[in-house]
Amino acid sequence: MMDSNLVRATGQEPSGPRHQEARKKSFVRAFSKNAPGWLFVTPWIVGLLLFYLYPLVSSIYLSFTSYSILKAGQFVGLQNYQSLMQDKVFWSSIYNTVYYALVFVPLSIVLSIWLALLLNTRVKGIAIYRTVFYLPTLVPLVAKAVLWMWLLNPQAGLVNQLLSRLGIDGPPWLGNEAWAKPTLVMISLWAVGQTVVIFLAGLQGISQEYYDAASVDGARWYQKFGLVTLPLLTPVIFYNLVMGIISSIQVFSLPYTLTGGSGSPAGSMMFYVMYLYQNAFLYLKMGYASAMAWILFIVIALLTVVIFISSKKWVHYQGD
């Protein structure tokens, strides 16, 4: 009691051998009590330190070196970053990535909301419809790429054959610089089932009381959507916006498989992470690739912060 009164009065922990010994015994007792918990989380902590924290810290240093996998590099300061500013493929990959993110993210959100609204209706067999729209998300990315390469083949593809029966000459899809990125967006939109499910859960979380109150006021369906559904769906839109931007900026597997890693035609499918991967594991320029990775990390962090700050003005929660 005297010790606690002393701490409150002085704001300082008591010192001295007796108090140090008491704190040590208290720490040992607490550690022994929680030992099973520490034992279970130790593999995760070791994995986090070994496979996440160590590579993360190492890549900071490597971005300032000429390190490659085959030989130890030298400290080169900001040379990697300066070289990136003069690298045409680097800027081309940024353009392709920004184009993809700006087109894909808004379209995926709008399409997902529309599908979620349809799947939220009470019609017979609705569970089957929900399953059908979710199934494409279960297809592995490589299998998805192979499937669409066959469907969109300019000569023997099923899509162009169907278009020819309608008297329409199908485009070269992935074989043309102007069509390649829109085609990639279309393929990506085919698998928005996971986003649809999240929006569907958001719709079902909106209290019926809001719609009942709107009906009493004489609101029509589009007024209910604009004044009730959409505002109360903004927390889900916010989540999908953040996740959509992060995933679209890091798009890799699908365009890499579709183009065999070449980014053809004419580099129109060379995305940022693809070029980073090429520098790291094809050209073995680990320092250069580390610099690219840190630029990517900073851009994603800044965009996420901006979205979080802006969310205070447009995200509304039930009960606000």
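The values are calculated or read from the model by the stated rules, or taken from the named source; none is laboratory data. Note that the coordinates shown come from a computational prediction; the quantities given were computed from them, not determined experimentally. When we count neighbours, we look across all protein chains shown, and the Cβ atoms used for this are built from the backbone with ideal geometry, even at glycine. The area values use the complete protein model at the heavy-atom level, side chains included, leaving out ligands, DNA and RNA. Shrake-Rupley method; radii C 1.70, N 1.55, O 1.52, S 1.80 Å.
Looking only at segment 74-108, which residues are aliphatic (A, V, I, L, M) and more than 17 Å from residue 183 (Cα to Cα)? Scanning segment 74-108 gives 76, 78, 84, 85, 89, 94. If you go through segment 44-73 and pick out every residue that is among the β-branched types (Val, Ile, Thr), touching a residue at least 12 places away in the same chain (Cβ under 8 Å) and closer than 21 Å to residue 296 by Cα, you end up with 2. Could you please let me know if residue 63 is on the phi < 0 side of the Ramachandran plot, of a type in the set (Gly, Ala, Ser) and at pLDDT 90 or above? So residue 63 passes the test. Would you confirm whether or not segment 205-219 contains a residue that is in contact (Cβ under 8 Å) with a residue 24 or more places away in the chain and either of a type in the set (A, V, I, L, M) or within 23 Å of residue 98 (Cα to Cα) (or both)? Yes: segment 205-219 contains one or more residues that are in contact (Cβ under 8 Å) with a residue 24 or more places away in the chain and either of a type in the set (A, V, I, L, M) or within 23 Å of residue 98 (Cα to Cα) (or both).
What is the residue count in segment 246-260 for residues that are surrounded by fewer than 20 Cβ atoms within 10 Å (Cβ to Cβ) and under 15 Å from residue 107 (Cα atoms)?
Of the residues in segment 246-260, 1 are surrounded by fewer than 20 Cβ atoms within 10 Å (Cβ to Cβ) and under 15 Å from residue 107 (Cα atoms).
If the condition is being open to solvent by less than 30 Å² (accessible area, probe 1.4 Å) and among the hydrophobic types (A, V, I, L, M, F, W, C), then segment 152-184 contributes 152, 173, 180, 184.
Count of segment 261-312 residues, restricted to those that are open to solvent by 70 Å² or more (accessible area, probe 1.4 Å), closer than 24 Å to residue 177 by Cβ and under 19 Å from the mean Cα position of the chain (by Cα), is 1. Answer yes if at least one residue in segment 149-160 is closer than 29 Å to residue 253 by Cα and in contact with a Pro (Cβ under 8 Å, 6 or more places away or on another chain), and no otherwise. Within segment 149-160, one or more residues are closer than 29 Å to residue 253 by Cα and in contact with a Pro (Cβ under 8 Å, 6 or more places away or on another chain). Each residue in segment 74-93 was checked for being at negative phi and free of Cβ contacts under 8 Å to residues at least 24 places away in the same chain, and 10 pass.
Filtering segment 185-227 to residues that are on the phi > 0 side of the Ramachandran plot and surrounded by 16 or more Cβ atoms within 10 Å (Cβ to Cβ) leaves nothing. Would you confirm, using the coordinates I've provided, whether residue 97 is among the polar types (S, T, N, Q) and open to solvent by 70 Å² or more (accessible area, probe 1.4 Å)? In short, no. Residues that are touching a Ser or Thr at 6+ places or on another chain (Cβ under 7 Å) and part of a helix (DSSP H, G or I) were ranked within segment 253-273; the one that is farthest from residue 87 (Cα to Cα) is 254. Against the conditions (1) open to solvent by 80 Å² or more (accessible area, probe 1.4 Å); (2) in a helix (DSSP H, G or I), residue 122 satisfies every one except (2).
Inside segment 168-194, residues that are part of a loop (DSSP other than H, G, I, E, B) and within 17 Å of residue 154 (Cβ to Cβ) make up a count of 6.
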